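Okay, structure first, notes after.
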């Protein structure tokens, strides 16, 4: 008989406090820019609070919903189909970045909703194929489904595609997938990422700016300059290291204890996307090493609570739901932090629950609501 697990109040409290903390930090990081651009320092604050209310309602819906009811083909495939349809619509409706769909005055980012859709699909699929995980009848359909989803996402959002693939790799690894399939998947992933980078000049610029800013290696491996010509087609600033330099200045200025809440200097139009892709830099500047380490600790705690559920829950569907959610949230947070600290090439990536972004907040709290449902309804 399964062990009965009650509401995980540590997880619930951590999520609520992190969302509240995120609203405060987002307002601190965005108020100056919002005042200059929109004439209202609270422009982003009002929108984020509105999304937080909606997202928390969705979290509570999934928390109270028995996760066993998600264990079926309808929940496994319908969300994936909807997300793929939205991604196609965004590709044609958003001719510049292929990321956004505008609904009235609000914009949604379909790739964000691929995250809960993928986690549910993985848990359902792996549960049914657990005893035959290394057969062609498992590997083939899984590879096809993941390739279609990742390929649709990577067109506009390579960072989200990376998070999805990390999550899938973790779930299949724990499920017992053979090493040779991982090597094949890794090779295919490298080819796909390389093609995605070469297809977008700004991506080429970012990778070169991180790995070879002085073009020393590139001039050897590409003597005819084809890659550099492709990169020069980008409309982005040629100084691709500007954002990261400003980010490191912000983090370094914070020292151990920080400059104090609302006292960031880099947010004064020096650090682009301070309220979004680089909000962790503002956390480091205003709250110092203490605040930055605290944020990292919260995400590690959420991951731990998810892994704990994986070991305590006895039904496979619940176990893989917990593993998928906790892995995805931690992976996204670590990618964001790595970019801010110049440990990875620049890639626009929200810090879950803290960065500005309604679609990201809704997606993340949906995932965490499902994780809480596993805790509440296991048994």
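Numerical summary
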read-out	value
The stretch 1-97: C-alpha gyration tensor shape, a/c 1.5 cut-off, then a/b vs b/c	oblate
Ranking of 18, 7 by count of other Cβ atoms within 10 Å, fewest first	7, 18
Prolate/oblate/rounded call for the stretch 40-101, Cα gyration tensor, a/c under 1.5 rounded	oblate
Potential lengthening between residue 249 and residue 268 on full extension [0.36 nm per residue; Cα-Cα distance subtracted]	5.5 nm
Kirkwood Rh, angstrom, the stretch 262-367 [1 / mean 1/r, Cα pairs]	14.7 Å
The chain: calculated mean residue ellipticity at 222 nm from DSSP helix runs of at least 4, using -39500 (n - 2.57)	-24000 deg cm²/dmol
The stretch 97-154 versus the stretch 325-378: alpha-carbon centroid distance in Å	16 Å
Mean separation of Cα contacts under 8 Å (6+ apart) over length of the chain, as relative contact order %	30 percent
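Here, each number is a calculation from the coordinates, and none is a lab measurement. Because the structure is predicted, anything quoted here is derived from the model rather than measured. Every residue, glycine as well, gets a Cβ built from its backbone with ideal geometry; the counts of neighbours run over all protein chains shown.
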